[in-house]
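*Asks:* Dropping the structure in here first, questions after.
The values are calculated or read from the model by the stated rules, or taken from the named source; none is laboratory data. What you are looking at is a predicted structure, and each value in this text was computed from that prediction instead of being measured. A quick note on method: Cβ atoms are made from the backbone with ideal geometry, for glycine too, and the neighbour counts reach across all protein chains shown.
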Amino acid sequence: MTAVEVDFRLYAITSGTDRRAVQVAAEVAAAGAGVVQVRAKDASTRRLLALTLEVAQTVAAANPLTRVVVNDRADVAWTARRMGGQVHGVHLGADDLPPQEARELLGPGALIGWTAGTLEAVRAANGLSAVVDYLGCGPLRATPTKATGRPPLGAQGYAPLVRLSELPLVAIGGVRPEDVSELARAGVSGVAMVRALNAARDPAAVARRVLAAWDSAQEQVTTDHSQSEFSPGQGGTLY
């Protein structure tokens, strides 16, 4: 697993293969997105590689702390890294290269994600915690971006997954800015967004709104926890 701390609060996913995809990635990175995933399922291998290198270059210039990962293709991530691109890892699904093999290919410092949207899948992912760094869990709601074949979790469906998981969970699948506070309170480590960012007239403004909502919700959780822990009659201890 990577030893580098990753900010999962806002996990941005690209859409398309044109200049707009690269521009949005750079804008949301500059606004504070901790991870950008390059996703272009219909692109050829060469086009995906070129897109990955372009996104990595612009994101690194916009925010050196933002991590860039490639969807599905560990081979493309490896090649981009070998060519000098600031690409940090890969996000894998059930039909992709096994995480153990991806870790062997990309090395101990790479960021490797895995898709797990059910309790059974999260339980299985716990057995991969030595090679996987985080889980993408969803969908929150039905979305045309990706057909998972799983029923939507809804915000209330995340808490049991969080309690079971040994890894950070990122909520994905139709996530909107107005969902962020509830998801943060459910205990996930971040939210992944596609359309909410790529279809926005000002992606950076949306990113800032998401991060502000996340931080506010986390602050409230901390406050509530402190009050509960130290309130008389609530099991707390007063000093």
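*Asks:* Only one of E182, E178 is over 17 Å from the mean Cα position of the chain (by Cα), acidic (D, E) and either part of a helix (DSSP H, G or I) or modelled with pLDDT of 95 or more (or both); which?
*Replies:* Details: E182 fails: over 17 Å from the mean Cα position of the chain (by Cα).
Just one listed residue meets the conditions, E178.
*Asks:* State whether the residues of region 162-172 include one that is of a type outside the set (D, E, K, R), out of contact with any strand residue (DSSP E or B) (no Cβ under 9 Å at 6 or more places or on another chain), modelled with pLDDT of 95 or more and in a loop (DSSP other than H, G, I, E, B).
*Replies:* No.
*Asks:* Does region 101-144 hold any residues that are touching a helix residue (DSSP H, G or I) at 6+ places or on another chain (Cβ under 7 Å), of a type in the set (V, I, T) and within 22 Å of V76 (Cβ to Cβ), and which are they?
*Replies:* Listed by number, the residues that qualify are I112, V131, V132.
*Asks:* Let me ask something else about it. So, in region 12-34, how many residues would count as being more than 15 Å from the chain's Cα centre (by Cα) and closer than 15 Å to P177 by Cα?
*Replies:* 1
*Asks:* If V132 passes every condition in (1) loosely packed, with under 15 Cβ neighbours inside 10 Å; (2) in a loop (DSSP other than H, G, I, E, B); (3) of a type in the set (A, V, I, L, M, F, W, C) but one, which one does it miss?
*Replies:* Every condition holds for V132 apart from (1).
*Asks:* Based on this model, can you work out whether A50 counts as touching a residue at least 24 places away in the same chain (Cβ under 8 Å), part of a helix (DSSP H, G or I) and of a type in the set (A, V, I, L, M)?
*Replies:* Numbers: touching a residue at least 24 places away in the same chain (Cβ under 8 Å): no; part of a helix (DSSP H, G or I): yes; of a type in the set (A, V, I, L, M): yes.
So A50 fails the test.
*Asks:* Would you pick out the residues in region 26-37 that are in contact with a helix residue (DSSP H, G or I) (Cβ under 8 Å, 6 or more places away or on another chain) and in contact (Cβ under 8 Å) with a residue 40 or more places away in the chain? Even if it seems obvious, please write down each step before you answer.
*Replies:* Quick first cut of region 26-37, residues in contact with a helix residue (DSSP H, G or I) (Cβ under 8 Å, 6 or more places away or on another chain) only: 26-33, 36.
Matches in region 26-37: E27, V28, A30, A31, G32, A33.
*Asks:* Go over the candidates A142, A159 one by one and state the one that is touching a residue at least 24 places away in the same chain (Cβ under 8 Å), outside any loop (DSSP other than H, G, I, E, B) and farther than 27 Å from H88 by Cα. Outline the logic, then answer.
*Replies:* Numbers: A142 fails: outside any loop (DSSP other than H, G, I, E, B).
Unique residue meeting the criteria: A159.
*Asks:* Another question, then. Inside region 83-111, can you point out the residues that are part of a strand (DSSP E or B) and free of Cβ contacts under 8 Å to residues at least 60 places away in the same chain? Step through it out loud before you land on a result.
*Replies:* So in region 83-111, the residues part of a strand (DSSP E or B) come out as 89-92, 111.
Correct list: V90, H91, L92.
*Asks:* Additional query: Please count how many residues of region 2-40 are over 16 Å from Q57 (Cβ atoms), surrounded by fewer than 22 Cβ atoms within 10 Å (Cβ to Cβ) and hydroxyl-bearing (S, T, Y).
*Replies:* 2
*Asks:* Related question: Select, from V131, V188, the only residue that is of a type in the set (V, I, T) and out of contact with any strand residue (DSSP E or B) (no Cβ under 6 Å at 6 or more places or on another chain).
*Replies:* Details: V188 fails: out of contact with any strand residue (DSSP E or B) (no Cβ under 6 Å at 6 or more places or on another chain).
Selected residue: V131, the only one of V131, V188 that is of a type in the set (V, I, T) and out of contact with any strand residue (DSSP E or B) (no Cβ under 6 Å at 6 or more places or on another chain).
*Asks:* Follow-up question, since we're still on this one. Only one residue in R81, R39, R9, R67 is of a type in the set (K, R) and more than 19 Å from the chain's Cα centre (by Cα), so which one is that?
*Replies:* Numbers: R39 fails: more than 19 Å from the chain's Cα centre (by Cα); R9 fails: more than 19 Å from the chain's Cα centre (by Cα); R67 fails: more than 19 Å from the chain's Cα centre (by Cα).
It is R81.
*Asks:* Here are A74, A94, A62: which of them is of a type outside the set (S, T, N, Q) and at pLDDT below 95?
*Replies:* Details: A74 fails: at pLDDT below 95; A62 fails: at pLDDT below 95.
None of the other options fit; the residue is A94.
*Asks:* For region 150-179, how many residues meet the condition of being more than 20 Å from L211 (Cβ to Cβ) and hydroxyl-bearing (S, T, Y)?
*Replies:* 1
*Asks:* Could you list, in sequence order, all residues of region 1-47 that are in contact with a Pro (Cβ under 9 Å, 6 or more places away or on another chain) and assigned to a strand (DSSP E or B)?
*Replies:* The answer is A12, and nothing else.
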